[in-house]
Amino acid sequence: MNANNDPTLLARLAVQKLSPYQSARRLGGKGDVWLNANESPFAFLPDWAQVAKTSLNRYPEPQPKALIDAYATYANVDPDCVLVGRGADEILELVVRAFCDESDGVLYCPPTYGMYAISAQTYGAPTKTVPLRADGGLDLPAIEANLDGVKAIFVCNPNNPTGAPVAREDIVRLLESAQGKAIVVVDEAYIEFCPERSVADLIGRYRHLLVARTLSKAFALAGVRCGFALASPPLIALLQKTLAPYPVAGVVAAIAEQALSAKGVAQMQARAAQIVAWRKDFAQALQKTPRVTKVYPSCANFVLVRIESMQEAFDFLWSQGVIVRNQSHVAALRDCVRFSVGAPSENARALTVLQQWSAQ
Ligand SMILES: *Cc1c(COP(=O)(O)O)cnc(C)c1O
């Protein structure tokens with residue numbers, strides 16, 4: 001094969017070598033209990049009559065004002081500190097697109113969310129990894145020693161897939177050491193499950209801080225693809241330069257606005273509290289299950305669990321239609337699976353099947 005008959009050989013080498021993100025949906029499975037993508041078990045039911053007023057023959061607003069204002073109110077920041085895009089994933093990628101290349105790389109702290117590495121690889125940016133400490137905290141001295149050639153640092157708070165929070169004083173210290181060197185991205189995809197841990201209030205003090213947010217998790221809108229950046233106005237304006245012209249469909253903006261109304265936010269908060277209560281019950285029951293050797297403490301809507309002969313347990317759950325997320329591809333998470341917290345009936349079913357397996 002040469003480039004004459006294989007068009008893929010014309011691609012940038014970085015893209016030819018890329019192995020794409022193994023999203024929960026891409027991995028498939030024939031389940032009836034889906035606990036692998038940290039989605040909400042609740043349905044968001046929009047007022048469709050309102051959504052239907054969107055005119056489809058016109059392009060949407062590039063940054064829908066009503067949506068930006070609603071998110072700014074919810075996040076307690078100024079509207080010019082908000083950027084909306086096609087999910088938090090697009091926001092994360094914008095940072096790499098704007099700041100990184102072959103010589104200006106990315107630093108992240110595994111085990112963590114897989115897209116930081118993949119976004120970097122897509123743009124041919126080198127990656128540096130500084131593993132989280134055993135207690136889940138940032139290894140700040142090691143990060144500080146590795147900032148050469150790094151333009152973007154990704155921190156996930158609370159961390160996916162461990163569920164551990166990152167201490168606010170650690171984020172502040174990281175911001176201090178990265179000043180003038182790198183953008184610090186704090187990915188708050190799960191912050192609604194522990195809102196007191198947000199660092200969004202720091203964007204006024206640190207102009208190189210970007211907080212990434214999403215409607216996919218606690219807001220129960222994974223299907224609409226809507227995420228936000230919170231950052232200083234110059235950083236927002238810069239990122240907007242690299243954003244596609246109309247990133248958010250009009251119908252998406254209309255649904256997202258409803259989710260961010262006072263009523264929508266109150267509903268989300270009540271449901272997040274409910275999920276946190278279910279998580280406690282679920283984690284406790286998992287702890288008591290034979291062959292479960294560790295249940296990681298979590299601040300989010302999922303629980304990471306270490307299980308003896310995990311692959312067997314995973315396959316058994318899969319065969320019974322309970323789809324969870326295998327994490328053992330990461331060295332530090334050998335024998336670990338992540339269970340999203342579903343509705344009580346779903347969590348109960350997952351437990352029953354796991355107990356059947358462990359009793360075999
Ligand atoms: C789910 C998730 C995202 C992606 O959010 P989208 O808005 O659906 O793109 C980003 N970061 C983390 C840590 C996530 O778990």
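Between Gln179 and Ala49, the modelled labels are 5.4 nm apart [label points 7 Å from Cα along Cα→Cβ]. Of the trypsin sites (Lys or Arg not before Pro) found in the stretch 22-131, those in coil by DSSP whose Cβ has at most 11 other Cβ atoms within 10 Å are Lys30, Lys53, Arg58. Identify, among Pro126, Val184, Pro158, the residue whose Cα sits farthest towards the positive end of the charge dipole of the stretch 121-184, taking +1 on the Cβ of Lys and Arg and -1 on the Cβ of Asp and Glu, with the dipole about the Cα centre. Of the options given, the answer is Pro126. Helix content alone sets the calculated 222 nm mean residue ellipticity of the chain: runs of n ≥ 4 DSSP H residues at -39500 (n - 2.57) each, divided across all residues, give -10500 deg cm²/dmol. Since only Val305, Ile323, Gly223 are under comparison, the one whose Cα sits farthest along the positive direction of the charge dipole of the chain, derived from C-beta charges on Lys, Arg, Asp and Glu, is Ile323.
Measuring nothing but how far apart in sequence close Cα pairs (under 8 Å, 6+ apart) lie, relative to its length, the chain scores a relative contact order of 23 percent. Antiparallel beta bridges, as assigned by DSSP with both residues in the chain, represent about 50 percent of the total such bridges. Name the shape class, rounded, prolate or oblate, that the alpha-carbon gyration tensor gives for the stretch 125-275, where a ≥ b ≥ c are the square roots of its eigenvalues, rounded holds for a/c under 1.5, and otherwise prolate holds if a/b is larger than b/c and oblate otherwise. Oblate, because a/c is 1.5 or more while a/b does not exceed b/c. Ordering 250-259, 202-211 by mean Cβ neighbour count within 10 Å, with the highest value first, yields 250-259, 202-211. Label-to-label distance for Lys263 and Ala343 is 2.2 nm, based on points extended 7 Å past Cα in the beta-carbon direction. Taking a sphere under 9 Å around the Cβ of Ala200 and counting the other residues whose Cβ falls inside, with K and R at +1 and D and E at -1, yields a net charge of -1. Think of it this way: in the chain, Cys81, Cys100, Cys109, Cys156, Cys226, Cys336 stand alone, with no other Cys Cβ under 4.7 Å. Computed with the Debye formula from one identical point scatterer per Cα of the chain, without solvent, the log10 of I(q)/I(0) at q = 0.07, 0.10, 0.14 Å⁻¹ comes to -0.31, -0.65, -1.23.
A simple charge model with +1 on the Cβ of Lys and Arg, -1 on the Cβ of Asp and Glu and nothing else charged puts the dipole of the chain at about 480 debye relative to its Cα centre.
The residue among Pro110, Ala142, Pro20 whose Cα reaches farthest toward the positive pole of the charge dipole of the chain, with charges on the beta-carbon of Lys, Arg, Asp and Glu, is Pro20.
Charge tally for Ser340 (other residues, Cβ to Cβ under 10 Å; Lys, Arg +1; Asp, Glu -1): +2. Measuring between their Cα centroids, the stretch 35-58 and the stretch 83-148 lie 31 Å from each other. The orientation-averaged projection of the convex hull spanning the C-alpha atoms of the stretch 26-130 amounts to 10.7 square nanometres.
Read-outs throughout are calculated quantities, based only on the coordinates presented, and are distinct from any laboratory measurement. Quick caveat: nothing in here was measured; it's all calculated off a predicted structure. Note: ideal-geometry Cβ built from the backbone for every residue, glycine included; neighbour counts use all protein chains shown.
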